[in-house]
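The values are calculated or read from the model by the stated rules, or taken from the named source; none is laboratory data. Being a predicted model, the structure only gives us computed values, none of them experimental. All Cβ positions, even for glycine, are placed from backbone atoms using ideal geometry, and neighbour counts span all protein chains on display. Side chains are part of the model used for accessible areas, which takes the heavy atoms of the whole protein and leaves out ligands, DNA and RNA. Shrake-Rupley method; radii C 1.70, N 1.55, O 1.52, S 1.80 Å.
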Amino acid sequence: MTDLPANRALLPAIAAGFLVFSITLAAADILDFPSTRSDLSTEELKRVRDVTRATSNFLKAEPYETMQGGGLTSIDKVTRDIFSQPSAKLDQQQGQDFHLGNALFRKLWVSAPSSTQASDGLGPLFNARSCQSCHIRDGRGHPPEEAGAAATSMVLRLARAAVTPEEEQAVKDFHALNFPDSTYGAQLQDLAVPGLAAEGKVTVSYSEEIVTLASGEAVTLRKPHYGVSDLAYGPMGASTTFSPRIAPPMIGLGLIEAIPDADILANADPDDKKGIGIRGRAAIVRDHRTGQLALGRFGWKAQNATVRDQVADAFSADIGISTPDRPNPYGDCTAKEPQCLAMPNGVQTRLGDTEAPDPVLPLVTFYSENLAVPARRATSQPAVLNGKEMFYRSGCAACHTPKFVTRDGLKRSDGKDSPQAFQLIWPYSDFLLHDMGEGLSDGQQVGVASGRDWRTPPLWGIGLTQTVSGRQAYLHDGRARTLTEAILWHGGEAEKARNAFAGLSKDNRQALINFLESL
C-alpha cells in the first residue's frame, strides 16, 4: 500500500501557494466581470439588495424563508426520495425532459461491444456504472465503509503541480488546473471492464482526535489517512497528490448557475480589506464549451463553471463515457496503459461520434439543473430561531451567505423563459474559495485553489442527509459523521467561527444544530 507522506503533500502545496498568488494577480489584470448586475433597473436592484441583506431579527422567520429554492421549491412530503423531486415550475415539455434525464441519470452503462448498443461504452476504466451509483438518491456520497470496500461514491483525484515554465504558464492562463499522474491520469479508477485490470484501490484508515468543548463535553474527530494499494500499472508519480472527494448532493444546481457573477464577486475580499479574516476568492476557470474565462461555482474546488461542464466531466472521469464535450472514448486511460487504449469503445457511428451523443448530455444536464430544493421545516420554532441567531453571531454567515436573487430575464437555450429566473433563494453559500486550514488540506492545487482552499458548500438540504443517504458523511471526504464534527474540522479563515461554536453553551450549540437540521 502507498500512503501519502507528509512531505509529499506539503511540497506541492508550498509550490502551489506561490503559483496561486501569481494566478490571482494575473486574473485581476485580464478579467472583466461586471461589478454590478445589468439585468435589473436601479430601483429593482435596490429592492433586491434590501431583500438579500442579512437579517438582525431572530424573533420570527423571514418572509419566504421556508421556500429555500424560491418558487421552484419542492413541498413534497419528506421521504428518502425528497432530493429526487422536479422543480415546481416545469411545464409539460420540461417535465418530460426531466423524466428522460432521470432515466439516463440512473442508466447502468455496460462494456462494449454489447447487444444493447445504446448503453455500451462503459470505461474501460471507471468508478461507477451510473450517475446514481455515486449520487445516492441524488444526495451525497460517503467514504468506503470498511477496508477493501469499493469507493463507489468517493473518488480519488490525482494531480501534481506545474514543474516546467510551459506548465506554469498554462495554469496562469487558465488552460490547465493542474497536471495528471503520468500513469494513472487525473483520477484513480478502481473498476474496469472484463479483461482489463482496474488501476488499484483506495485505502483509508482513521486515527482519533479528542476535542473538548467549552461546556466540558468531549467530541471524537476521526482523522483520515489515505493511500492506494494493488496498483496494476506500476508505481505512481512521486509528486502526485491525492484528493478524496465524495459525491455532493444534486439539488438546486440550476439555481446556483442562475446567480449573477456580480453578486458572488461582491462577497469576494481576497485582500481582507474588511479586516475580519475572511478572504473569499473567486475561482477563475474556463468554460469547456466556449473556452471563455468564467466564474467557477461547481465542484469541491469550484473547478467547473456550469452544470453541463460538471456533468460532462463526471461522464468522462467517473464512468468513462464520451460526450460531445469530452469526446475521448477512453476516458482517463493514459499512454502508459496501452491495454486500456486497446479495448473496444462504445461509439456507434449511426448514432453519433461519441458514446453518449446528443441529446444524452443535454437531458442529464437539464435533470441536474432541475432537482428541487426541499422546503425547510420548523422555521418558526423558537429553538430553530435561536439556532439561526447563534449561526449568525458565531460568524458562520460570513461565508455561508444566506440568500441571493437569481438573474431576471434568464432564457433557456431554446429561447424560452428559464424556470430559474428571478427567484429568491437561500443556499447558505458564497460560492467562493476559502482557506480552511491544514486539517482539511489535501495538498492539491486546482487552478487558483490551493490545497487548503475549498468552495463554501451550500447548506440547503443538509438537514435531510440522514433521511436521503441513510447515514451522515460531511465535508469533501465524508470524514465528519455529525454536523458537530463537521464544524469542528473548520480551520483557517473559519477557525474563528469554529471556536465561537465550540465556546457556546450546550443548549445554544444544540440550537445551532437544530437550525442546520431545518435547512
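No other residue among Ala214, Ala268, Ala170, Ala198 is of a type outside the set (Ser, Thr, Tyr), part of a loop (DSSP other than H, G, I, E, B) and over 25 Å from Glu493 (Cα atoms) apart from Ala198.
Can you say whether Glu44 is open to solvent by 20 Å² or more (accessible area, probe 1.4 Å), touching a residue at least 12 places away in the same chain (Cβ under 8 Å) and over 27 Å from Leu371 (Cα atoms), as far as the supplied structure shows?
Judged against the criteria, Glu44 is a match.
Can you find a residue that is part of a helix (DSSP H, G or I) and buried (at least 18 other Cβ atoms within 10 Å of the Cβ) anywhere in segment 50-68? No.
Can we say Glu517 is buried (at least 17 other Cβ atoms within 10 Å of the Cβ), in contact (Cβ under 8 Å) with a residue 40 or more places away in the chain and touching a strand residue (DSSP E or B) at 6+ places or on another chain (Cβ under 7 Å)?
Values: buried (at least 17 other Cβ atoms within 10 Å of the Cβ): yes; in contact (Cβ under 8 Å) with a residue 40 or more places away in the chain: yes; touching a strand residue (DSSP E or B) at 6+ places or on another chain (Cβ under 7 Å): no.
In short, no.
Of the residues making up segment 88-102, those that are open to solvent by less than 60 Å² (accessible area, probe 1.4 Å) and modelled with pLDDT of 95 or more are Gly95, Asp97, Phe98, Gly101, Asn102. Would segment 110-122 turn up any residue that is buried (at least 18 other Cβ atoms within 10 Å of the Cβ), assigned to a loop (DSSP other than H, G, I, E, B), charged (D, E, K, R) and in contact (Cβ under 8 Å) with a residue 24 or more places away in the chain? No - not one qualifying residue is present in segment 110-122.
Looking only at residues in segment 289-315 that are without any contact (Cβ under 8 Å) to a residue 40 or more places away in the chain and within 20 Å of Ser243 (Cβ to Cβ), the one that is nearest to the chain's Cα centre (by Cα) is Asn304.
Name every residue in segment 376-394 that is open to solvent by less than 30 Å² (accessible area, probe 1.4 Å) and in a helix (DSSP H, G or I), in order of residue number. Spell out how you get there, then give the answer.
Of the residues in segment 376-394, the ones open to solvent by less than 30 Å² (accessible area, probe 1.4 Å) are 376, 379, 384-385, 387-388, 390-391, 394.
Val384, Leu385, Gly387, Lys388, Met390, Phe391, listed by residue number.
Taking segment 211-263 on its own, how many of its residues are among the polar types (S, T, N, Q), under 21 Å from the mean Cα position of the chain (by Cα) and open to solvent by 10 Å² or more (accessible area, probe 1.4 Å)?
Our first condition is that a residue be among the polar types (S, T, N, Q); within segment 211-263, this holds for 212, 215, 220, 229, 239-241, 243.
Within this subset, residues satisfying the condition of being under 21 Å from the mean Cα position of the chain (by Cα) are 241, 243.
Filter once more, so that each one left must be open to solvent by 10 Å² or more (accessible area, probe 1.4 Å): none.
Residues meeting the conditions: 0.
Just so you know, in segment 285-337 the residues that are in a loop (DSSP other than H, G, I, E, B) and among the hydroxyl-bearing types (Ser, Thr, Tyr) include one that is least open to solvent (accessible area, probe 1.4 Å), and it is Ser322.
Considering segment 342-375, and only residues there that are in contact (Cβ under 8 Å) with a residue 60 or more places away in the chain and in a helix (DSSP H, G or I), the residue that is surrounded by the most Cβ atoms within 10 Å (Cβ to Cβ) turns out to be Tyr367.
Taken as a whole, the condition of being among the small types (Gly, Ala, Ser), open to solvent by 30 Å² or more (accessible area, probe 1.4 Å), under 19 Å from Arg479 (Cβ atoms) and not in a loop (DSSP other than H, G, I, E, B) does not apply to Ser133. Taking first residues from segment 412-436 that are without any contact (Cβ under 8 Å) to a residue 60 or more places away in the chain and partners that are of a type in the set (Val, Ile, Thr) and in a strand (DSSP E or B), the Cβ contacts under 9 Å between residues at least 6 apart in sequence or on separate chains come to Phe422/Val405.
Of all residues in segment 103-120, exactly one satisfies the criterion of being at pLDDT 90 or above and polar (S, T, N, Q), namely Ser111.
Just wondering, is there one or more residues in segment 464-475 that are within 23 Å of Lys496 (Cα to Cα), open to solvent by less than 30 Å² (accessible area, probe 1.4 Å) and not hydrophobic (A, V, I, L, M, F, W, C)? Within segment 464-475, one or more residues are within 23 Å of Lys496 (Cα to Cα), open to solvent by less than 30 Å² (accessible area, probe 1.4 Å) and not hydrophobic (A, V, I, L, M, F, W, C). Applying the set (1) modelled with pLDDT of 95 or more; (2) on the phi < 0 side of the Ramachandran plot to Gly195 leaves exactly one unmet item: (2). Within segment 405-439, restricting attention to residues that are of a type in the set (Phe, Trp, Tyr) and open to solvent by less than 10 Å² (accessible area, probe 1.4 Å), the residue that is nearest to the chain's Cα centre (by Cα) is Phe431.
Could you tell me whether any residue of segment 235-247 is part of a loop (DSSP other than H, G, I, E, B), within 30 Å of Arg509 (Cβ to Cβ) and at pLDDT 95 or above? Yes: one or more hits.
Checking the stated criteria, Ser207 turns out not to satisfy the condition of being open to solvent by 10 Å² or more (accessible area, probe 1.4 Å), in contact (Cβ under 8 Å) with a residue 12 or more places away in the chain, of a type outside the set (A, V, I, L, M) and in contact with a Leu (Cβ under 8 Å, 6 or more places away or on another chain).
Within segment 273-284, can you find the residues that are out of contact with any Lys or Arg (no Cβ under 7 Å at 6 or more places or on another chain) and not in a strand (DSSP E or B)? If the condition is that a residue be out of contact with any Lys or Arg (no Cβ under 7 Å at 6 or more places or on another chain) and not in a strand (DSSP E or B), then Lys273, Lys274, Gly275, Ile276, Ile278, Arg279, Gly280, Ala282 are the ones that fit. Restrict the check to segment 65-83 and report whether at least one residue is free of Cβ contacts under 8 Å to residues at least 40 places away in the same chain and over 20 Å from Thr406 (Cβ atoms). Yes, segment 65-83 contains at least one residue that is free of Cβ contacts under 8 Å to residues at least 40 places away in the same chain and over 20 Å from Thr406 (Cβ atoms).
Among helices (runs of 4 or more DSSP H) entirely within segment 415-519, having at least 3 residues that are small (Gly, Ala, Ser) singles out 495-502.
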